[in-house]
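Input: a single structure, listed below in structure tokens.
What follows draws every value from the coordinates through simple rules; no lab data is involved. What you see is a predicted model; the values in this text were computed from it and never measured. Because the Cβ atoms are built from the backbone with ideal geometry, glycine has one as well, and the counts that use them run over all protein chains shown.
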Amino acid sequence: MEHLDAELLSLLALGEPAGTDADADHLANCAQCSESLQALQYTVHIATLDPAGIELEEPGGQNWTAIHEALGLSPAVAADPLTRGTMRPATSSDTAAAKPAAGEGTTKQADGPDHVPTPLRPGRKDRHARPGLWVAAAAAGIALGAAVGWAGAGFLGQTGTPAPVPSQSVPASIVLAQTPLTPLPTHTGSGEAQVQQLPDGTRQLAIRLSNDHVSGFQGVWMGSADLTKMVSLGVLSNESGVFTLPSGIDLAQYPIVDISDQPYNGNPAHSADSIARGTLNPGN
């Protein structure tokens with residue numbers, strides 16, 4: 001069987017409406033290509049996460065000790081570099097070094113504020129700065145690189161559920177089908193789903209789902225009526241999102257819209273923990 005090439009999988013992972021009907025049909029029926037696409041989409045998801053608000057933990061001193069021993073570094077650098085500048089008490093040699101030698105004058109800037117040294121290491125806020133435009137380029141490069149690796153090796157080491165970035169501006173469209181999304185047991189999230197057709201013929205799935213405090217991330221799926229076939233479309237990062245439908249997806253064969261709680265465990269398969277579900281009704 002000839003599988004989809006790496007470049008096409010990368011474009012699909014980035015949410016681009018790429019490929020032919022035959023490609024979409026192959027993707028819906030080929031477990032290997034489907035899992036590879038989900039792995040690439042997961043890579044894009046991780047690459048585009050916004051670190052703002054995520055509290056980073058500083059490593060403990062034992063980490064530097066292990067690094068120091070493994071690399072065989074000098075005893076002069078045995079102290080943890082994150083703490084040695086703030087925790088070492090002053091010594092007599094430090095005091096002596098701070099005093100000018102006899103006959104030497106002190107230097108001071110005239111008519112101006114004291115010079116403030118520029119810190120060599122950025123503070124916590126700098127480390128949490130929001131990513132700029134490089135995020136999209138980085139995500140594309142990561143996805144393409146991962147796809148090339150998959151093509152050469154035949155598999156990916158990490159797999160997971162996708163995460164295209166939903167579009168916030170929706171062009172004029174017509175509704176082909178829609179359904180309410182009803183919460184499943186142990187969940188409270190509800191909403192609606194619409195399949196919309198854009199003027200250029202592209203179809204997209206628009207999702208609105210109220211907040212459900214899940215432990216993982218929310219996967220968006222199209223499924224067969226008996227739920228034996230599931231096609232991953234992406235990750236619902238907010239309470240609403242829009243996802244491009246592959247051109248080969250037949251709504252008559254995949255009428256189920258399913259939102260799942262997917263754990264961060266690298267498994268691209270459906271978690272079997274559905275948050276909400278609905279059956280599309282064409283023509284509504």
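At-a-glance table
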item: Peptide ranges 251-259, 71-79, 230-238 listed from the most packed, as the mean C-beta count within 10 angstrom indicates; result: 230-238, 251-259, 71-79
item: Stokes-Einstein diffusion coefficient of segment 160-282, Kirkwood radius over Cα pairs, 20 °C, 1.002 mPa s, in µm²/s; result: 150
item: Environment charge at Met222 (Cβ cut-off 13 Å; Lys +1, Arg +1, Asp -1, Glu -1); result: +1
item: Extension reserve of the Glu69-Ile46 stretch, reckoned as 0.36 nm per residue once the Cα distance is removed; result: 5.1 nm
item: Taking Glu239, Glu69 and counting other C-beta atoms within 10 Å, the order from fewest to most; result: Glu69, Glu239
item: Part-to-part distance (alpha-carbon centres) for segment 266-280 and segment 217-233, which is given in Å; result: 6
item: Cα gyration tensor category, rounded, prolate or oblate, for segment 3-47 with a/c compared to 1.5; result: oblate
item: Segment 160-282 - percent relative contact order, Cα under 8 Å, separation 6 or more; result: 32
item: Furthest towards positive pole of dipole, Val214, Pro246, Leu233, structure part segment 160-282, Cβ charges; result: Pro246
